[in-house]
């Protein structure tokens, strides 16, 4: 296989979770445009197939991988598929997640368990499976970009499980950054504010919710495009960010600046 070109993502293998829509799909499009070999992973393979077809004219290639991040075996299989397909893994983007608003006292055991599995355990399982391969990336360019949220650094109403999980993703990023400080692996995190994605229109909100509380963590200048956040993800995954390790990047239109 052709070695990656210095300073680019051409030839590198990138695995993106939660890639069927929203930020995940935007990341797939951007990485494909940058020449990477992208493995788009999610449960909805029909949507992934459509995304791969959409990216067919880009310089990189897009392959479809079924993934349920709440299942450790599925996480292992997704990583194996990328490594077996190209013989390498250079970048893992942990994007899969879901946010619904719930009154804390009404959260069921099943909802809590699934929210934590989807938003925190899944990224851990993906990292655990991917790190041995990322450490073997050419030129020490293996890296992980975790997607947290503004709710990963501040509290969010009606979001106990989601906020706890996203804080956990920030903690996971920092823990791995320290653990692999002396090895060829970079680990960073992005914390987006509100994005204009399909999920915005399907989020569950309790009828009694106080919208003033919900909007406390919204984007100050309105909802961002998912592509604007994907640009930050791609930068962190690129050799241009070689000195960026263990960072938590706010991408929130300045909402937390003041």
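Assess whether residue 14 counts as being outside any helix (DSSP H, G or I), modelled with pLDDT of 95 or more and on the phi < 0 side of the Ramachandran plot.
yes
Among (1) farther than 23 Å from residue 125 by Cα; (2) in contact (Cβ under 8 Å) with a residue 40 or more places away in the chain; (3) not in a loop (DSSP other than H, G, I, E, B), where does residue 9 come up short?
(3)
Tally up the residues in region 144-175 that are farther than 13 Å from residue 249 by Cβ, touching a residue at least 40 places away in the same chain (Cβ under 8 Å) and under 15 Å from the mean Cα position of the chain (by Cα), please.
Adding up the residues that qualify gives 7.
Among 19, 41, which is under 20 Å from residue 169 (Cα atoms), touching a helix residue (DSSP H, G or I) at 6+ places or on another chain (Cβ under 7 Å), at pLDDT 95 or above and in a loop (DSSP other than H, G, I, E, B)?
19
Is it the case, given these coordinates, that residue 76 is part of a helix (DSSP H, G or I), buried (at least 24 other Cβ atoms within 10 Å of the Cβ) and touching a helix residue (DSSP H, G or I) at 6+ places or on another chain (Cβ under 8 Å)?
no
Can you say whether residue 117 is out of contact with any helix residue (DSSP H, G or I) (no Cβ under 8 Å at 6 or more places or on another chain), more than 19 Å from residue 236 (Cβ to Cβ) and either surrounded by fewer than 22 Cβ atoms within 10 Å (Cβ to Cβ) or touching a residue at least 12 places away in the same chain (Cβ under 8 Å) (or both), as far as the supplied structure shows?
Taking the combined requirement at face value, the residue satisfies it.
The values are calculated or read from the model by the stated rules, or taken from the named source; none is laboratory data. From a predicted model like this one, the values you see are computed outputs, not experimental measurements. Virtual Cβ from ideal backbone geometry, glycine too; neighbours counted across all protein chains shown.
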